[in-house]
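Undergrad: Take a look at the following structure, please.
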Amino acid sequence: MFGAVAAAAALMPQKSNAQICRGEWSFSPVITVTNNVYGMAYGLLLNTATPYAWMPDVETRFAAPQSMDTPMGKAKISYWDWELRNLAIGYRVTYMSKTTPFGFSFRLNWEKRGLRTTMPEGVIAPVGATAEGYDPNYIYFNRQTISPEVLLRLRFGNYITATYNPILEIGGSYNFAVACKGLSQSTESINDGFRGVIGLGIGNTETHFQATLRYEYDFYNWFNEDWSPDGGLTHPYQGLKTNLGAVMLNVRFGF
């Protein structure tokens, strides 16, 4: 019996693969910051220096390109966020097969996203929609969502013995609006919808370090153009159409 075990061990690679040594599942809290310089720097430093399962993954997203059409032309969108107006907090469960190149991740998020916009001349914001001290055409739109996300993952190359492997991620999330601010605080004034995600990256199978560049796109209009606060007399969001994309850099230890 012992001789058979010793013979089998001798046939194993002398340098074992970390993906084989560790389990197929990983669990971690996740924080996503958008267009925030401090958050981006902190995320890169934290995720590359602390390979501990209990530490949250900090993802950095740059929301561009973004645009919003109005009846009077395009609104101007301010990108940089110095006050953490765009923040997502969630928990992620990831599975990566030991013997096949396939895996997936499921994440449940609470997310707050905002649009700081300056409307074209002629688009008049209702009383209370603008912030004191700003241009009268300035409107800040904010929405909070609960967003379950599923990503399918595919590794290329010899993922059993190779140190580095290309990674493809594809999937998306469905965003359920639970609160909003702007021209209205009624969630009936905004839409739920699907956000698609595709990513390419590279992973180290020995250390579980990986870097992925993702692109996200909202396949829906933030605003419900048919919504009316007064039984159909007015439609504050009529003609407002969003076109929102984001580039995300994900650098972390994990699957």
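Undergrad: Let me cross-check Lys74: its accessible surface, 1.4 Å probe, with only protein heavy atoms counted, in Å² to the nearest 10?
TA: Only protein atoms counted, so the area is about 130 Å².
Undergrad: How much of Phe62 can a 1.4 Å solvent probe reach, expressed as accessible area in Å² and rounded to 10?
TA: Its accessible surface works out to 70 Å², give or take rounding.
Undergrad: At a probe size of 1.4 Å, how large is the accessible area of Thr187, to the nearest 10 Å²?
TA: Surface open to solvent at Thr187 totals about 60 Å².
Undergrad: Still on this structure: Arrange the residues Phe27, Phe209, Phe106 by how much accessible surface each exposes, largest first, with a 1.4 angstrom probe.
TA: Values: Phe27 110, Phe209 65, Phe106 90 Å².
Largest to smallest exposure gives the sequence Phe27, Phe106, Phe209.
Undergrad: Label Tyr164 and Leu152 with points 7 Å out from Cα along Cα→Cβ: what is the distance between them in nm?
TA: 2.7 nm
Undergrad: First measure r as the distance between the Cβ atoms of Ala179 and Asp226, then evaluate 1/(1 + (r/R0)^6) with R0 = 22 Å and state the FRET efficiency to the nearest 0.05. Before the final figure, lay out each step's value.
TA: Numbers: r = 20 Å, r/R0 = 0.92.
That pair, Ala179 with Asp226, gives E of 0.65.
Undergrad: Hey, if we sort Ile198, Ile31, Ile139 by accessible area with the 1.4 Å probe, largest down, what's the order?
TA: Greatest to least solvent exposure: Ile198, Ile31, Ile139.
Undergrad: Which of rounded, prolate, oblate describes the range 207-253, given a ≥ b ≥ c as roots of the alpha-carbon gyration tensor eigenvalues and a/c under 1.5 marking rounded, otherwise prolate only if a/b is larger than b/c?
TA: Prolate shape, in that a/c is at least 1.5 and a/b is the bigger ratio.
Undergrad: Let me check something: with ligands and nucleic acids excluded, how do Glu59, Glu225 order by accessible area (1.4 Å probe), largest to smallest?
TA: From most exposed to least exposed: Glu225, Glu59.
Undergrad: For the range 140-202 and the range 66-109, compute the distance between their C-alpha centroids and round to whole Å.
TA: After rounding, the separation between the Cα centres reads 5 Å.
Undergrad: Label-point separation (nm) for Asn204 and Trp25, each offset 7 Å from Cα along Cα-to-Cβ?
TA: Distance between the two pseudo-spin positions: 2.7 nm.
The values are calculated or read from the model by the stated rules, or taken from the named source; none is laboratory data. Worth saying up front: this structure is predicted, and the values here are computed from it rather than measured. Quick reminder, even Gly has a Cβ in these numbers, built from the backbone with ideal geometry, and neighbours come from all protein chains shown. Side chains are part of the model used for accessible areas, which takes the heavy atoms of the whole protein and leaves out ligands, DNA and RNA. Shrake-Rupley method; radii C 1.70, N 1.55, O 1.52, S 1.80 Å.
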